[in-house]
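Visitor: Pasting a structure here, questions to come.
The values are calculated or read from the model by the stated rules, or taken from the named source; none is laboratory data. Please read these numbers as outputs of a predicted model, since none were measured by experiment. Please note: Cβ atoms are built from the backbone with ideal geometry, for glycine as well, and neighbour counts cover all protein chains shown. When the accessible area is computed, the model is the full protein with side chains, heavy atoms only, and any ligands, DNA or RNA have been set aside. Shrake-Rupley method; radii C 1.70, N 1.55, O 1.52, S 1.80 Å.
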Amino acid sequence: ASDSRLVHRFICRDCKRTFSTATSDPCFGQKKRRFNYPILKLLVSGVSLRRIAHITGLTFNTVSAKFVFLGEQARINNQEFIKDLIAEHESQKLPEFIFDEMESFVFTKCQPVSIPIVVLPGARKIIAFDVCKMPASGRLSERALKKYGNRPDEREMTAVQLFNKIKPIFCENLIITTDK
């Protein structure tokens with residue numbers, strides 16, 4: 001009823017339980033399934049959750065719940081992609097990848113984070129990424145230290161963990177391209 005589609009129901013003749021084609025769907029039980037794709041497109045375009053709620057006419061709580069659901073679906077899709085990549089290149093491992101690091105912040109610029117990312121060069125597909133804390137730098141460093149205390153620099157440790165996670169996909173003599 002939520003997306004105006006006819007879903008066929010079936011009954012097991014042995015146990016008399018009923019099920020439908022939607023029972024195994026990840027969207028099963030959602031009241032507003034038809035908004036998943038438009039919200040995904042708006043999120044990918046960089047629109048904020050409040051603005052998405054305003055555009056779609058949904059509440060902020062609904063949009064934030066869909067955000068969590070779509071993030072989990074993206075995580076599952078990426079894990080399947082990695083499994084397929086490992087299976088595809090089991091005999092011949094990949095020779096290179098691109099490594100880059102992006103800086104952003106959580107809540108305030110006094111709490112910066114680093115986002116290391118590994119990308120396939122030809123296909124430009126994201127293999128893996130992570131998020132870690134880093135200390136503030138520049139003009140805000142004194143204010144950040146006073147307000148939030150000493151933030152650990154987790155960039156090196158996170159990069160090593162990221163490389164260990166993708167190690168089975170790549171060969172020993174590896175070419176890593178980066179901007180620095």
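Visitor: In the full protein assembly as shown, how much of F67 is accessible to a 1.4 Å probe, in Å² to the nearest 10?
Guide: Counting only protein heavy atoms, F67 exposes about 100 Å² to solvent.
Visitor: Sorting K31, K167 by accessible area (1.4 Å probe), largest first, what list results?
Guide: Most to least solvent-accessible, the answer reads K31, K167.
Visitor: For the chain, which whole percent of the accessible surface, found with a 1.4 angstrom probe, sits on carbon and sulfur atoms? It would help to have the intermediate numbers written out before the result.
Guide: Details: 7340 of 13470 Å².
Reported share for carbon and sulfur atoms: 55 percent.
Visitor: Please calculate how many Å² of accessible area the chain carries per residue, with a 1.4 Å probe and no DNA, RNA or ligand atoms counted.
Guide: Here the residues of the chain average 75 Å² of exposed surface.
Visitor: Applying a 10 Å radius around every beta-carbon, put 47-56, 7-16, 69-78 in order of their mean neighbour count, most first.
Guide: For the peptides 47-56, 7-16, 69-78, the packing ranking is 47-56, 69-78, 7-16.
Visitor: Heavy-atom accessible area of Y37 with all protein chains present, probe 1.4 Å, nearest 10 Å²?
Guide: Looks like 150 Å² after rounding.
Visitor: Working from Cα positions, state the angle (0 to 90°, nearest 10) between the long axis of helix 60-88 and the longest principal axis of the chain.
Guide: The answer is roughly 80 degrees.
Visitor: If you don't mind, there's one more thing I want to ask. Using a 1.4 Å probe and counting only protein heavy atoms, arrange I115, I98 so the residue with the most accessible area comes first. Spell out each step's value before the answer.
Guide: Details: I115 35, I98 60 Å².
The ranking, largest first, comes out as I98, I115.
Visitor: Mean residue ellipticity at 222 nm from the helices of the chain, using -39,500 (n - 2.57) per DSSP H segment of n ≥ 4 over the full residue count, to the nearest 500 deg cm²/dmol?
Guide: Estimated from H runs of four or more residues: -11500 deg cm²/dmol.
Visitor: Give the distance, in whole Å, between the Cα centre of region 103-180 and the Cα centre of region 13-80.
Guide: For region 103-180 versus region 13-80, the Cα centre distance is 29 Å.
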